[in-house]
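Have a look at the structure below, then the notes.
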Amino acid sequence: MKKQYDFSKGKRGAVVSPARGKSRITIRLDDEILNWFRREVNNAGCGNYQTLINDALREYIKKQPESLEKIVRRVVREEVRKIA
């Protein structure tokens, strides 16, 4: 081991930057939730539990009902098309 190291060209932050469109965050999950996702990946024989969590959140968002504003706008557009 050296007595001193030169960190003058060192950079702060992650060694590997996240992919474009991804963000590095810190999140606290219950152990039982995290363990379930890890077991699912393990049972599948491959994959990444973080990707599985991301996919589960994406599915949840897709299943959310339309807002009242979106429903009204869609219905008005449909009715205007019928008249036009």
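Just so you know, all these numbers are worked out from the coordinates, no wet-lab data involved. It should be emphasised that the depicted structure is a prediction, and the values quoted were computed from it without experimental measurement. Note that each Cβ is placed from the backbone with ideal geometry, even for glycine, and that neighbours are counted across all protein chains shown.
Out of Phe37, Thr51, Tyr5, whose Cα points farthest toward the positive end of the dipole of the chain (charges: +1 Lys, Arg; -1 Asp, Glu; placed on Cβ)?
Tyr5
In debye to the nearest 20, how big a dipole does the chain give about its Cα centre with +1 on each Lys and Arg Cβ and -1 on each Asp and Glu Cβ?
For this selection, approximately 640 debye.
Using θ = phi - 60° and the Karplus relation 6.51 cos²θ - 1.76 cosθ + 1.60, list the HN-Hα couplings for the stretch 20-25 in order, rounded to whole Hz, with x at every Gly or Pro.
4, x, 10, 10, 8, 9
Determine which aspartates and glutamates satisfy two conditions relative to Lys22: a Cα distance under 19 Å, and not lying fewer than 8 residues away in the same chain.
Asp55, Glu59
Pick from Ile61, Ile53, Ile71 the residue whose mean-square fluctuation is largest in a GNM of the chain, springs joining Cα atoms under 10 Å.
Ile71
Per q in 0.11, 0.15, 0.16, 0.27 Å⁻¹, report the Debye log10 I(q)/I(0) for the chain, using one uniform scatterer on each alpha carbon and no solvent.
-0.66, -0.85, -0.88, -1.33
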